[in-house]
Structures are given as C-alpha cells and as structure tokens.
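What follows is a set of notes on a single structure, which appears directly below.
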Amino acid sequence: AERARRAAEKSNQALQQELEAVQASSAQARGAAERLLVSEQDTHARTRAVLDRAHSQLSQAREEASAARVAAAAATERARSCGVLESRARSETQLRGQAEASRELLLAKQAASAARATA
C-alpha cells in the first residue's frame with residue numbers, strides 16, 4: 001500500500017509538473033497572441049490613416065481637375081470670342097481702307113475733271 005501511495009504521489013507530482021508546464025506554455029501563447037493582436041490593430045490603424053489621407057488627396061485632386069476643366073473651358077471661350085473680335089476688326093479695317101480708297105479715287109476724278117475744265 002505504501003508503495004502504491006508513493007507511486008501515486010510521484011504520478012501526482014509528475015502530473016502537477018506537467019500541468020504547470022502546460023499552464024506556463026499557455027500563458028506564453030496567450031501573451032504572444034495578445035501582442036500579435038495589438039500589432040495587427042496598430043497595423044490596421046496605420047493602414048486606415050494612410051487610406052484616409054489617400055482618399056482626401058484623391059478628392060482634392062478631383063476638385064482641382066474639375067476647376068482646371070472649368071478654367072480651360074472659360075479660356076477656350078475667351079479665345080473663341082477674341083478670334084471673332086479679331087475677324088470683325090479685320091473686316092472693319094478692310095472696309096475702312098476701301099472707303100478711303102474710294103474717297104481718294106473720287107477726289108482724283110474731281111481734280112482731273114476740274115483740270116480739264118480749266119484747260
């Protein structure tokens with residue numbers, strides 16, 4: 001009976017040591033899992049911040065591109081208007097030149113007619 005009791009104690013002691021080893025290993029695994037979770041949460045937060053900044057920059061770039069398109073359309077319209085005004089000015093200049101030439105021709109005809117009348 002004594003031998004059985006000692007064997008049982010040894011078995012209990014071995015089981016107790018094994019239990020303590022498993023508990024220590026479990027505590028280490030829990031610690032590693034917690035550190036991993038914190039690391040993943042930190043990585044997620046950083047990724048989210050980068051994505052938020054990228055989204056903000058993309059929105060700003062879209063707004064700037066839209067404003068640039070509006071400015072380009074306005075510049076194109078101004079250029080078209082300037083082209084129309086330039087064409088009108090050319091036409092008016094041509095008409096003025098023709099009117100002046102007609103006046104000079106009329107004056108020359110009148111002078112020739114007056115010279116013939118006096119001759």
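So, THR118, is that one loosely packed, with under 10 Cβ neighbours inside 10 Å and not aromatic (Phe, Trp, Tyr) or not? Spelling it out, THR118 is indeed loosely packed, with under 10 Cβ neighbours inside 10 Å and not aromatic (Phe, Trp, Tyr). Figure legend. Inter-residue proximity from segment 11-38: first residues touching a residue at least 60 places away in the same chain (Cβ under 8 Å) and on the phi < 0 side of the Ramachandran plot, second residues part of a helix (DSSP H, G or I) and among the hydrophobic types (A, V, I, L, M, F, W, C), beta-carbon distance below 6 Å, spacing 6+ or different chains. No pairs are indicated. Exactly one residue among ALA72, ALA1, ALA54 is small (Gly, Ala, Ser) and exposed (fewer than 10 other Cβ atoms within 10 Å of the Cβ), and that residue is ALA1. The set of residues in segment 12-37 that are more than 56 Å from the chain's Cα centre (by Cα), acidic (Asp, Glu) and open to solvent by 100 Å² or more (accessible area, probe 1.4 Å) contains only GLU18.
Before we move on, is ARG6 surrounded by 10 or more Cβ atoms within 10 Å (Cβ to Cβ), assigned to a helix (DSSP H, G or I), within 49 Å of the chain's Cα centre (by Cα) and among the charged types (D, E, K, R)?
Details: surrounded by 10 or more Cβ atoms within 10 Å (Cβ to Cβ): yes; assigned to a helix (DSSP H, G or I): yes; within 49 Å of the chain's Cα centre (by Cα): no; among the charged types (D, E, K, R): yes.
For ARG6, the condition - surrounded by 10 or more Cβ atoms within 10 Å (Cβ to Cβ), assigned to a helix (DSSP H, G or I), within 49 Å of the chain's Cα centre (by Cα) and among the charged types (D, E, K, R) - is not met.
The values are calculated or read from the model by the stated rules, or taken from the named source; none is laboratory data. This structure is a prediction, so every number in the text was calculated from the model and none was measured. Counting neighbours? That spans all protein chains shown, and the Cβs are built from the backbone with ideal geometry, glycine included. Areas reflect the complete protein model, heavy atoms only, side chains present, ligands, DNA and RNA absent. Shrake-Rupley method; radii C 1.70, N 1.55, O 1.52, S 1.80 Å.
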